[in-house]
Each structure stands twice: as C-alpha cells, then as structure tokens.
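**Q** There's a structure below that I have some questions on.
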Amino acid sequence: MPSDPSSPLPPAAAVTFARTLLSLSEYERCHSVLSSSSSPLASLPPAGRFLRWYSRFLAGEKRKEEEIVELSDPAERCRVANPYLPSLCAELAGAHAGDDLDHAGLYMYGVVLKERLQQQASLAGGKDGEGGGGGG
C-alpha cells in the first residue's frame, strides 16, 4: 500500500479494497474507490465493474430506505426511489449498446431495469402496474 493516501490504487488493488468496503456496507466508498480517475471503468476487470455498479445500486437503496423511515405519509413512502437509478441505467445501457457487458453486467442491467419499471409504476399510482394491490 502506498504511503501517500492520495496516491491512486492499481485496478486490482482497488477491486480488493472495494470488496472489503462492500462487505462492511460502505457502498458509497466502494463506488468511489472504483470510480476514481486512476481506475476508469474500461481498466477494471469484470468483477470490478460489477462491484462498481452493484455498490452504487446498494447505496441508492440504502438512501431510499433512510428516506422512507423519515416519512410518515404512506403515499409519499411509495414514491421514494433509488436516486442513482437514472445514472446507472444510462451507464449500463451504454455498455450494453457497446456489447461490453458480461453475465454479471447483464444481471445488474436487468436488476436496474426492473427497479425502474417498479418506480415508474409506483409514480403512476399503480394504474399501469400489476394488480395495484400495493402488496410487497
């Protein structure tokens, strides 16, 4: 490990460090380590790319849950969404269009698309959603 904390990590070390952060539920930090300019997305191994996307998704889910706890109105709670879904969707769509997704990337893209559909259905008030029963 370099003695200067601001010096960049090589991609393999960044992935190892990110795995540790993910296991500690430090999702924002995990994403930050893998998004640094020293390890651009193209230089990361497939596991690093997946960790980058997955940690960003989990950070948004954590933030969403924190917002839900603060709200008292059930209608407002249903409208809280993962704030990182739009950027994740755009990034994964670009990688998909460029045929740059492996099996884990395709899985993550599917998870993000499913969440976006659920978000759109809840914002529409369940009119176009499945059943509209509001069950979880």
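**Q** What full-extension length gain, to one decimal in nm, is calculated for Ala42 and His96 as 0.36 nm per residue of separation minus the Cα-Cα distance?
**A** 18.1 nm
**Q** In whole Hz and in residue order, list the ³J(HN,Hα) couplings for region 44-55 that follow from phi through the Karplus curve 6.51 cos²θ - 1.76 cosθ + 1.60, θ = phi - 60°; x for Gly and Pro.
**A** So the Karplus estimates, Gly and Pro as x, are 7, x, x, 5, x, 5, 4, 4, 4, 5, 5, 5 Hz.
**Q** With a 1.4 Å probe and every protein chain kept in, tell me what percent of the accessible surface of region 74-128 is carbon plus sulfur.
**A** Reported share for carbon and sulfur atoms: 56 percent.
**Q** Next question. Rounded to whole Å and sorted largest first, list the principal axis extents of the Cα atoms in region 12-118.
**A** Per principal axis, max minus min of the Cα coordinates gives 45, 31, 21 Å.
The values are calculated or read from the model by the stated rules, or taken from the named source; none is laboratory data. On a predicted model such as this, the values are computed, not experimentally measured, just so you know. Ligands, DNA and RNA are stripped out before the accessible areas are found, and what is left, the full protein with its side chains, is counted by its heavy atoms. Shrake-Rupley method; radii C 1.70, N 1.55, O 1.52, S 1.80 Å.
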